[in-house]
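S.K.: Structure provided below as structure tokens; questions to follow.
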Amino acid sequence: MTIKKPVNIFKYILIFFSVFLLSSAINAQTVWENPKAAVYPFLQRMADKGLIEFNDLIQPVGRKDILILLEELNSKKNNLSKTEIKELFFYYAEYAASFRQDKDSSQVSLIKNDAFRRWRVLGAKGEGASLYADPLFSLGYIGGSGKAVKQYGSGVDLWGTIGKHWGFQVYIKDFTESGTGYDTVTQHTPQTGIIRKDITNYTSLNYSETRASLSYSWKKGVISIGQDHLLWGYGQNGLIVLSDKSPVFPYIRLDYQLFKWLSFNYDHIWLNSNIIDSNRTYNTGNTVYGGQRTFYQPKFMAMHSISIRFTRGLTGAVGESIIYNNRIQVPYLIPVLFFKLYDYQSSNSNNMSGSNGQFFFNLSSRNQLPKTHLYGTLFIDELSLTDIFNQKKKRNQIGYTAGIERQDCLIPYLSLGLEYTRVNPFVYSNFIPSEDYTSHGYNLGDWMGNNFDRVIAVAKYHPFPKLYLNAHYQYSRKGGAGNVLQQYFAQPQPPFLFNLQNKTTEIAFQLNYEWMHRLYLNFTFTGQQIQYYAPAVSNQSIQTAQLGISYGL
């Protein structure tokens, strides 16, 4: 009998990193910027107007890449309005400090403005390194139908660079909610899912968010390891491929620019299955906290995509992802491997031994129609091409989004958009629970799950620098989840919106003002009219208002 040595996974990760480290040749550092930062919609507007090319299909984007785009806009100031120029200078002060030197190569700012007049608690640069730190705090109140919730948040945001190629960041924020009507599950809203700290506390809700990354960059790429959200695609109120609905997760990320017209992205993600591994769970020999040492079934996701620039402003992307469990499989650490084909081979085409794969596509057109962004995303969970039009046998488990947004409609700085999303029954679901498209029980894709459609009309107006007014009208329909027998054996498949649950009409208004760098004042009003069909027909009207102030994101 031959005894095989266990696979040393760290050896393969080291080799994986080393191949790219040896190709480094230029001064570059990457520190990822939170997708919630106000600079994103600013750059998206500029890209929609054809002034820059902003590759924001995959987020977060690096702070230095953002700075390069701001400098490009600075060279085109004659094409900007007064409001846009003021915003440009405001954002430049935010992003220039770490990557642009003042006359003095050694700079320290402690509870004062830095060289670019950006107030900081700590800013230090010199001797081949930089370090920046800001406090995080937030105060908020939510009131309305059955709600009277006070929110508190505090933490620290720390980031910087080391040498010519390394970037790092640490973000820690703790939240507490108290009052009546706070949401402990956040399953039916676009809000990011939470992991509650103390499930025995019935008077308040406490949870935290921790993000961190360490990255190495060179002329054409960046590789990073961290814990954060990774977003893929476009959408006004949800992303069908990869969203921020689930809590943050650990990852390895590779971005490589092969040519000016071709880029590549790869991610390996550690997910949470929420499923106890009974084989590894054991009794502790005492009765403290139930007397069992609990382990969860390991769960992972590998995904990669290529983005092709056909011409200025017109790009297409195609990608593949696969969710697998039990243990890390080294082939899924190979960025260019065709995951689905490997899965067929490794499982001997046995569904009970296989993994859960998906394909996705995106097309984006910016300024082909003046000042307009046209976009569409297709997500394929399962599709039988031979039976695609067979009414009895077809299994079209797909989702798609199509949208349009135009800048400077009727008046300057007013944008109008319209978007439709549909996700068919059983998308994101799998007969093996530890391989469904979730983490911590939250969807990795759209927050509404499957068997729904949604149309949303948006209006965004920015009359003054740093003041953002957004309004939207949304109408959605949600069907039932069904069961695995229906998903895999029903012929024909249950129709779209079968077992209709509800129809929802929503009107929302949001005001957000960035008074100074990272200091936000915000107000949101949401009104919903919900007609329920299951378990019984009923109607509900919900009005919610939220007021808050925060420093940091």
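What follows draws every value from the coordinates through simple rules; no lab data is involved. In this text the structure is predicted, and so the values were computed from the model without any measurement. All Cβ positions, even for glycine, are placed from backbone atoms using ideal geometry, and neighbour counts span all protein chains on display.
S.K.: If all Cα-Cα distances of the chain are sorted into 20 Å bins from 0 onward, what percent lands in each bin, rounded to whole numbers?
M.R.: 18, 55, 25, 1
S.K.: Under 1.5 on a/c is rounded, so check that first for the range 74-174, then, if it is not, pick prolate when a/b is larger than b/c and oblate when it is not; a ≥ b ≥ c are the square roots of the alpha carbon gyration tensor eigenvalues.
M.R.: oblate
S.K.: Further, regarding this structure: In nm, what is the difference between 0.36 nm times the number of residues separating ILE172 and GLN191 and their Cα-Cα distance? Can you show the working numbers first?
M.R.: On the way: separation 19, 0.36 × 19 = 6.84 nm, distance 1.82 nm.
Computed gain between ILE172 and GLN191 is 5.0 nm.
S.K.: What does the highest-first list of 468-476, 305-313 look like by mean Cβ count within 10 Å?
M.R.: 468-476, 305-313
S.K.: OK, next. Greater than 25 Å separation of Cα atoms is the criterion. Which listed pairs, LYS112/LYS220; LYS49/LYS460; LYS36/LYS371, meet it?
M.R.: Over 25 Å Cα-Cα: LYS112/LYS220.
S.K.: A follow-up question, please. Report ³J(HN,Hα) in whole Hz for each residue of the range 319-328, in order, from the Karplus equation J = 6.51 cos²θ - 1.76 cosθ + 1.60 where θ = phi - 60°; Gly and Pro get x.
M.R.: Result, ordered by residue: x, 9, 9, 8, 10, 9, 9, 6, 7, 5 Hz.
S.K.: Right, another one. Hey, what did the chain get for relative contact order, percent, Cα under 8 Å, at least 6 apart? Spell out each step's value before the answer.
M.R.: On the way: 1307 pairs, mean separation 64.5, N = 553.
The value is 12 percent.
S.K.: Also, quick follow-up: With only alpha-carbon atoms counted, please give the Rg and Dmax of the range 424-553, in Å.
M.R.: 19.2, 59
S.K.: So what J values fall out for the range 506-518 if you push phi through Karplus, 6.51 cos²θ - 1.76 cosθ + 1.60 with θ = phi - 60°, rounded to Hz, Gly and Pro as x?
M.R.: So the J values, rounded to whole Hz, are 9, 10, 9, 9, 9, 10, 9, 10, 8, 4, 9, 3, 6.
S.K.: Now, a different point. Under 5 Å between amide H atoms, partner at least 5 residues away or on a different chain: which partners does LEU271 have, H built in plane at 1.01 Å?
M.R.: Counting only residues 5 or more places away or on other chains, the set is LYS299, PHE300, MET301.
S.K.: Length gain on complete extension for the stretch ASN201 to ARG280, per 0.36 nm per residue less the alpha carbon to alpha carbon distance?
M.R.: So the chain would gain 25.5 nm between ASN201 and ARG280.
S.K.: Hey, can you grab everything whose amide H is under 5 Å from the amide H of ASP114? Only 5+ residues off in sequence or another chain; H modelled, so Pro and N-termini drop out.
M.R.: Here the answer is TRP119, ARG120, since their amide H atoms fall under 5 Å of that of ASP114.
S.K.: Then there's this: How big is the range 279-406 on each of its three principal axes, counting only the C-alpha atoms and giving the largest first in Å?
M.R.: For the range 279-406, the Cα extents along the three principal axes come out at 70, 37, 31 Å.
S.K.: If you count, for each residue, the other Cβ atoms within 10 Å and average over each peptide, how do 69-80, 151-162, 37-48 line up from highest to lowest?
M.R.: 37-48, 151-162, 69-80
S.K.: Related question: Rg (Å, one decimal) plus Dmax (Å, integer) for the alpha carbons of the range 255-319?
M.R.: Cα only, the range 255-319: 21.9, 67 Å (Rg, Dmax).
S.K.: Below 8 Å, C-alpha to C-alpha, sequence gap of six or more: please give me the relative contact order for the range 126-261 in percent.
M.R.: With pairs under 8 Å counted, the relative contact order is 18 percent.
S.K.: Follow-up question, since we're still on this one. Using +1 on the beta carbon of Lys and Arg, -1 on that of Asp and Glu, and nothing else charged, what's the dipole of the range 301-374 about the Cα centre, debye to 20?
M.R.: About 400 debye.
S.K.: Let me ask another. Enumerate the calculated ³J(HN,Hα) couplings along the range 454-462 in order (Karplus 6.51 cos²θ - 1.76 cosθ + 1.60, θ = phi - 60°), each rounded to whole Hz, writing x wherever the residue is Gly or Pro.
M.R.: 3J(HN,Hα) across the range 454-462, in whole Hz: 8, 10, 9, 10, 10, 9, 10, 9, 10.
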